[in-house]
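Some notes on the structure that comes next.
All of the numbers you see were taken from the coordinates with simple rules; none came from a lab. Only a predicted model underlies this, so the values are computations on that prediction, with no experimental measurement involved. With ideal geometry, Cβ positions are generated from the backbone for all residues, glycine too; neighbour counts draw on all protein chains shown.
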Amino acid sequence: MSSRINIARPQGSPPSYNQAFGQPSYDLHGINNARSSGYRAANPDDPLEKLRTVAKTVEDNVDIYSQPLKPHLPAIGRFLIVVTFLEDALRIITQWGDQLWYLQVHRKFPWGLSHSFLLLNVLVMLAASSAVITKRYTEFAVAGLLGVVVIQGFGYGLIFDVTFFLRNLSVIGGLFMVFSESMITRKKAFAGLPSINETDRKKYFLLAGRVLLIFLFLGFILQGTWSIVRVFVSIVGLVACVMVAVGFKAKWSAAFLVLVLSVFNVFANNWWSVASAHPQRDFLKYDFFQTLSIVGGLILLVHMGAGGLSVDEKKKTY
């Protein structure tokens, strides 16, 4: 061991010797080299290498200037993910009569069953959302919210609506991100069955969350009127979605989608500008808070990274 430690750097080489004969200094590890970006192009004249150098420089600068916000990203992400459930619970409470009328008249729910359906949804959404925010009993909370998404799809007859289906897939992806972020190891394993440790489970749930999160943007591409700006945003966003799904530069692709979806959400789902009596107001509000939930999932992805099953992780092994 001592022989390996002693050969790390030559001893007793005066600086004047190297300077006098024009030889490079003994800096085997590149400690004294200038490090403006942390990445040195193998061939500076190669356009691809130039692009990588610029990308690495931007990445380093974003890392430096975003440090104050990073400790708060998990809490922000968790809150945004469940905000659609909190808003939905508040909507049911404040529109109790209208909700009962819709379920009984249009969905043919018997009296009593409609009351139980709404009450169960409100209680589960409030309790599970609070648990997600406080990081308590996360596995049970995520399971409860997943159940709410499924039974509401069937209960309100929206399970076969394409836009609703894609949006809820993205919400489920956000819940998977919450589960991954707060994953704990089970204390007991079933005898005779192969057990999956926390790291393995986390990377599989991260993969599922990444893939499901991008379905909201696919829904955005399929609906609405087309324009030059919309075509450009759709193409760039679709590329970012693919990068998120495969885990290539996933953090920065997710950050780009957070920016795009946030701007789109403010201008396209501006429910506050619609009169309270207008029926479109509730639809816009629902879309607005669902988009916030998916933005929260992307924020957790920015915080945690793509996980083990990703191109980014594979590149590290090489």
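Would you please put 77-84, 94-101 in order of how densely packed they are, using the mean number of other Cβ atoms within 10 angstrom per residue and starting with the highest?
Numbers: 77-84: 24.2, 94-101: 13.4.
Those peptides, ordered most packed to least, come out 77-84, 94-101.
Provide the gained length on full extension for the span F160 to H72, in nm with one decimal, where the gain is 0.36 nm per separating residue minus the Cα-Cα distance. Don't skip to the end; give the middle numbers.
On the way: separation 88, 0.36 × 88 = 31.68 nm, distance 3.71 nm.
In short, 28.0 nm is gained.
Normalising by the residue count of the range 65-145, find the relative contact order in percent from Cα pairs under 8 Å and 6+ residues apart.
Across the range 65-145, relative contact order equals 32 percent.
With label points built 7 Å along Cα→Cβ from the Cα atoms of W101 and H278, find their separation and express it in nm.
Spacing of the two 7 Å Cα→Cβ label points: 2.1 nm.
Which entries in the list K70/K285; K203/K249; K249/K285; K202/K251 go over 26 Å, if you measure between the two C-alpha atoms of each?
K70/K285; K249/K285
Points 7 angstrom from Cα along the Cβ direction at T57 and T134: gap in nanometres?
Once both label points are built, they end up 4.9 nm from each other.
If you stretched the chain out fully between L120 and S262, how much longer would it get, using 0.36 nm times the residue separation minus the C-alpha to C-alpha distance?
48.0 nm
Net charge near F289, counting Lys/Arg +1 and Asp/Glu -1 over other residues with Cβ under 9 Å of its Cβ?
Residues near F289 contribute -2 overall.
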